[in-house]
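K.L.:
Let me begin by handing over the structure; questions about it come next.
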Amino acid sequence: MRWTASDGVVHTGTARVAAGTAAGTTVEVWTDDRDRLVPEPVTPSEATPQVALAGAFVAAGVCGVVIVSGRVARGQLERRSAERWGEEWERIGPQWRRTTG
């Protein structure tokens with residue numbers, strides 16, 4: 001296929017067309033800012049489910065980060081609590097072994 005860019009330069013390339021399209025038939029193509037052939041942009045009805053799916057993945061990712069961060073923080077707090085409990089038991093534990101008499 002051959003097309004003329006906005007600056008008048010003629011380009012050639014390959015594009016998909018409907019089966020049975022006769023040679024020389026004019027077809028609409030899409031180009032980027034460098035006049036390269038690109039696929040046709042998605043329509044709003046095609047973009048909506050794509051955006052919804054991307055949003056769901058982002059939300060799931062954020063939730064995952066929050067959950068993992070919470071579990072890490074909880075683990076650190078529990079570990080520090082156990083350390084403090086151990087330190088206190090070392091201080092108080094021997095007093096429980098004393099008997100009055």
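Values in this text are rule-based calculations from the coordinates and carry no lab data. Just so you know, these numbers come straight off a predicted model, no measurement behind them. Heads up, the Cβs are rebuilt from the backbone with ideal geometry, glycines too, and the neighbour counts pull from every protein chain shown.
K.L.:
Would you compute, for the Cα atoms of the range 1-41, the largest minus smallest coordinate along each principal axis and list the three values in descending order, in whole Å?
P.N.:
31, 22, 13
K.L.:
Still on this structure, please answer the following. In whole Hz, what ³J(HN,Hα) sequence does the range 3-18 give by Karplus (6.51, -1.76, 1.60; θ = phi - 60°), x for Gly and Pro?
P.N.:
Using θ = phi - 60°, the values come out as 9, 10, 6, 5, 8, x, 6, 8, 10, 10, x, 10, 9, 7, 10, 5 Hz.
K.L.:
Using only the Cα atoms of the chain, what are the Rg and Dmax in Å?
P.N.:
34.4, 114
K.L.:
If I take the Cα coordinates of the range 61-101 and project them onto the principal axes, what are the three extents in Å, biggest first?
P.N.:
64, 11, 6
K.L.:
When the dipole is taken about the Cα centre of the chain, and only Lys, Arg (+1) and Asp, Glu (-1) are charged at their Cβ, what size is it in debye, to the nearest 20?
P.N.:
So the magnitude is around 900 debye.
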